[in-house]
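Working notes, structure below.
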Amino acid sequence: QQAPDAILFFRLGDFYEMFGEDAETAAPILEIALTGRGAGESGKVPMCGVPFHAVDNYLPKLVLAGYKVAICEQMEEAAAGKGIVKREIIRIVSPGTLTEKLPREDDHHYVAAVYGEREREWGLAFADITTGEFTVFQTPFEDVLFTELERIHPAELVIAADLAKKNRRFSLYYCTRCERKNFSKTEPLQVRFPGQHELLATAECAAQAAAGLWNYIQETMCGLDLAHFLEIRTYTSEECMLLDQWTRRNLELTESLRAKDKKGTLFSVLNLTKTAFGARLLRNWLEQPLLREKEILKRLDRVEYLVEDSFLRVDLARLLTGIYDLERLIGKVSYSHINARELLALAQTLEQLPAFRAVLENSSSGRLQEYAALLTGLDDLAELLREAIHPEAPLTVKEGGIIKPGFSVQIDELRQIAAGGKSWLTQLENQERERTGIRSLKIGFNKVFGYYIEITHANTKSVPADYQRKQTLANAERYITPELKAYEHKIMTAEARLIELEYEEYLKLREEVRSRIAVILRAARALAEIDVFVSWAEAAVRYHYVRPQLRHDGVIAVTEGRHPVVEQVLDGEAFVPNDTQLSSEQHLAVITGPNMAGKSTYMRQVALLVLMAHIGSFVPAEKAAISLVDRIFTRVGASDDLAGGQSTFMVEMREVAHILRYATPRSLLIFDEVGRGTSTYDGLSIAWAVAEYLASQKDLKTKTLFATHYHELTQLAEQTPGVFNLHVGVKERGEDIVFLHKILAGGADRSYGIHVARLAGLPPEVLVRARMLLKELEDTATKVRMMGEDQKTAQLTLFEPLPNHPILEEVSLLKLEEMTPRQTLEYLYDLQERLKKTHEF
């Protein structure tokens, strides 16, 4: 009843059991046997279960399959004759609140909430249960809301049921629907974050989204005091660049277009971090480039210092390799899910902090020395944990073996009693053999009677009077003595008390760590930033990057720029660098040239270099002077949106419309083949109109790279100020071409499409036919232009009467040496059939 939409994990002894429909649903997903349990007249109820100590392996399977799981735990020890054991739901695990075995350590795992006010204002809140990050954002634009949702890609979205029903775009996410009143209950949020009242008061929609999210987190975590949630952060479009989903995807920042993973992305190139929380911070910075010059320069200064001081860079990288994921370890402390081994890992990390401070304090850079102060106040905690926790502590916390010898006198005494039982029993056994004269006497143990003395029937006449018979066997009798029972009680009591005391000490250690959460997370943030800066400095040295110069005059001037990702994946080939020059006088470049020549690579390269400068990274170039931009937009490639019921061309036009709506004079625009999703004349018209609009609007004149196969667009440079032509160099060798991958001034005179088709391996007869048709089309187009506007367009004729029949030219162009006998026969047969259809012989 408390969790009707969840599968119930019901604790029964050493297992979590599932019953009825829950069992039928879970068994195939978890790949476990489905059995049954007697239920009186109802017959058998379906049932399955998993061991409680292995629950972390099974939970993620159900949750990642889209199910919620309610953990119902025993709240007291089971005792004979006591009746039904008290149980409570201690936690509801959903896709967004999962903490066990997350798919990716270097990425966040967000649960988000959205609140809309009459669709005029939108509030977004998102949190990572595992790290304590809590962020809010507010915008009047629905497109911007979904841009940010796509960026954070939440595992779960909490949303009012009526809002989810109105907009099907929310259906792309795993939605937990709730009533709107859940978002209006702001008191728990204000009580938990009393210092954030001003922030929440200035953004009402964001505050209500945050309230709905916090209420949901409290509900699923069953009221746990999540101490690692220290503050609510926010950001605005004035502080950081909002990259739309198309730009992030086309530039392949964190996910590749083909494989949908991080290989072949900018993240994979710049991510040389040593820690998981450093990689997560790098991902955040990559997807939210800075806009404020002061903050960018601060990052560039730190990277530059680490580039110049190789000893410091190497020392910090070495120290970082011994650092565990502090953020998620502290998360486990906060929601009481950490074990002794993980506390030991925390200790090992904290023990490294003095070495970090020493290295940083010895550096001559004040910007790095300031981190040393953020790594203080934890040395005593590291020492306490190291002294207390056994280096081979078990994964469980209620079975003993946690506390290190020498830490607690009481625990050591109990451990000695429990461990010394064997030697005492051996001594007693020898003593009783001497006293009774029975050499076969032995002391044993079972769970029913405890410790006993066993004597064969042949020696029963020698049994002392103080022996009490307990059990008769076929060949022996078993006895107990008051002395034996007294020591048995002492041993059993010692073992139980030992486990109890060790657990109490573990709880004390956990609470001591909990009291330092704010200090530990402060250190974690400092280490994460150090890790990112060391990573970027190492990338700059390894890949020969330079520090970009920031300008304010609208100029982007790059000498010998390179694509940061493509140059890393070339197998033994040298990347061909290119210059870039954009300014207010020359702000729109029309780029022509054949496919595969490098137009798209060049344009993405320019966008990536600008983005890298904005995040505070060095860039792959000989020299780079970059004026800050407010947005980067890309329209590259297209695909059907089957879920949205939109064609390739509609998707393309939506992207173009989005850019034209939000672009400003300070934006950078990348257009690749606008209009190719429709007919030639429609496409040319749209491409021309878009380019002309961008070039001629007095209040716009945004910096734009416009690649196209419509060579007619090169005429814009003659008609419109600010437009200039570029093309990709190609060298012809007979009928072969060589792509130079060099961007040159002026427009291309040919497309070389048939040459590219030949390189792709099209059959020779197809290429020959394509050449003929191309010539026909070009000749007809020339005739039409010469006829003038008053003339009707001539009908394109593919076959003319002999003797000037085009087949003669087709045959004359055949390269017989490149054709197999089979291809020759097939071509001859096809030629004969075409002639029969055209002429009577």
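Here are some notes:
- Residue in region 75-83 that is at pLDDT 95 or above and under 24 Å from residue 224 (Cβ atoms) present: no
- Selection count where residues are open to solvent by less than 60 Å² (accessible area, probe 1.4 Å), closer than 16 Å to residue 435 by Cβ and not β-branched (Val, Ile, Thr), scope region 463-490: 4
- Residue pairs meeting the criteria (Cβ under 9 Å; at least 6 apart or on separate chains; first more than 16 Å from residue 466 (Cβ to Cβ) and open to solvent by 50 Å² or more (accessible area, probe 1.4 Å), in region 427-441; second part of a helix (DSSP H, G or I) and of a type in the set (A, V, I, L, M, F, W, C)): 440/458
- When region 582-598 is filtered for residues that are over 14 Å from residue 727 (Cα atoms) and open to solvent by 60 Å² or more (accessible area, probe 1.4 Å), the ones remaining, listed by number, are 584, 585, 586.
- Pairs linking a residue in region 590-601 that is closer than 16 Å to residue 732 by Cα and free of Cβ contacts under 8 Å to residues at least 40 places away in the same chain to a residue that is small (Gly, Ala, Ser) and open to solvent by 20 Å² or more (accessible area, probe 1.4 Å), with Cβ atoms under 6 Å and 6 or more positions apart or on different chains, do not occur.
- Taking (1) touching a residue at least 24 places away in the same chain (Cβ under 8 Å); (2) surrounded by fewer than 20 Cβ atoms within 10 Å (Cβ to Cβ) in turn, residue 727 satisfies each apart from (2).
- Taking strands (runs of 3 or more DSSP E) as the structural unit, those lying wholly within region 437-536 and holding at least 2 residues that are in contact with a helix residue (DSSP H, G or I) (Cβ under 6 Å, 6 or more places away or on another chain) correspond to 450-456.
- Residue check for residue 27: assigned to a helix (DSSP H, G or I) and among the hydrophobic types (A, V, I, L, M, F, W, C): yes
- Scanning region 270-280 for residues that are surrounded by fewer than 22 Cβ atoms within 10 Å (Cβ to Cβ) and either of a type in the set (Ser, Thr, Tyr) or under 20 Å from residue 567 (Cβ atoms) (or both) yields 271, 272.
- Selection within region 491-532: residues that are touching a residue at least 40 places away in the same chain (Cβ under 8 Å) and of a type in the set (Asp, Glu). The member of this set that is most open to solvent (accessible area, probe 1.4 Å) is 495.
- Looking only at residues of region 698-713 that are in contact (Cβ under 8 Å) with a residue 40 or more places away in the chain and open to solvent by 30 Å² or more (accessible area, probe 1.4 Å), we find that the one that is nearest to residue 745 (Cα to Cα) is 711.
- One residue stands out among those in region 795-815 that are farther than 16 Å from residue 771 by Cα and not charged (D, E, K, R): the one that is modelled with the highest pLDDT, which is 804.
- Filter result for residue 262 (open to solvent by 60 Å² or more (accessible area, probe 1.4 Å), touching a helix residue (DSSP H, G or I) at 6+ places or on another chain (Cβ under 7 Å) and at pLDDT 95 or above): no
- 1 or more residues at pLDDT 95 or above and open to solvent by 10 Å² or more (accessible area, probe 1.4 Å): qualifying helices (runs of 4 or more DSSP H) within region 281-392: 293-308, 310-320, 326-334, 340-350, 353-361, 379-388
- Cβ pairs under 8 Å, 6+ apart, first in region 142-156 and open to solvent by less than 30 Å² (accessible area, probe 1.4 Å), second assigned to a helix (DSSP H, G or I): 146/169; 146/245; 147/245; 151/245; 151/248; 151/287
- Screening residue 613 against (1) closer than 23 Å to residue 290 by Cβ; (2) part of a helix (DSSP H, G or I); (3) open to solvent by 10 Å² or more (accessible area, probe 1.4 Å) leaves a single unmet condition, (3).
- Verdict on residue 759 being open to solvent by 40 Å² or more (accessible area, probe 1.4 Å) and at pLDDT below 70: yes
- Checked against (1) more than 15 Å from the chain's Cα centre (by Cα); (2) farther than 25 Å from residue 633 by Cβ, residue 96 passes all but condition (1).
- Any hit, region 74-96, residues being more than 24 Å from residue 223 (Cβ to Cβ) and surrounded by 14 or more Cβ atoms within 10 Å (Cβ to Cβ): no
- Given (1) under 16 Å from residue 70 (Cβ atoms); (2) out of contact with any Lys or Arg (no Cβ under 7 Å at 6 or more places or on another chain); (3) surrounded by fewer than 13 Cβ atoms within 10 Å (Cβ to Cβ); (4) in contact (Cβ under 8 Å) with a residue 24 or more places away in the chain, number of the condition residue 55 does not satisfy: (3)
- Residue that is surrounded by the most Cβ atoms within 10 Å (Cβ to Cβ), among those in region 205-257 that are under 30 Å from residue 91 (Cα atoms) and among the acidic types (Asp, Glu): 219
- Some residue of region 634-651 being in contact with a Leu (Cβ under 6 Å, 6 or more places away or on another chain) and at pLDDT 90 or above: no
- Within this structure, residue 732 passes the test of being assigned to a strand (DSSP E or B) and open to solvent by 60 Å² or more (accessible area, probe 1.4 Å).
- Filtered by the rule that a residue be out of contact with any Gly (no Cβ under 9 Å at 6 or more places or on another chain) and at pLDDT 90 or above, region 570-590 gives 575, 581, 589.
The values are calculated or read from the model by the stated rules, or taken from the named source; none is laboratory data. Model, not experiment: these values are computed from the prediction. Neighbour counts run over all protein chains shown; Cβ positions are idealised from the backbone, glycine included. Please note that ligands, DNA and RNA were not included when accessible areas were found on the heavy atoms of the full protein model with its side chains. Shrake-Rupley method; radii C 1.70, N 1.55, O 1.52, S 1.80 Å.
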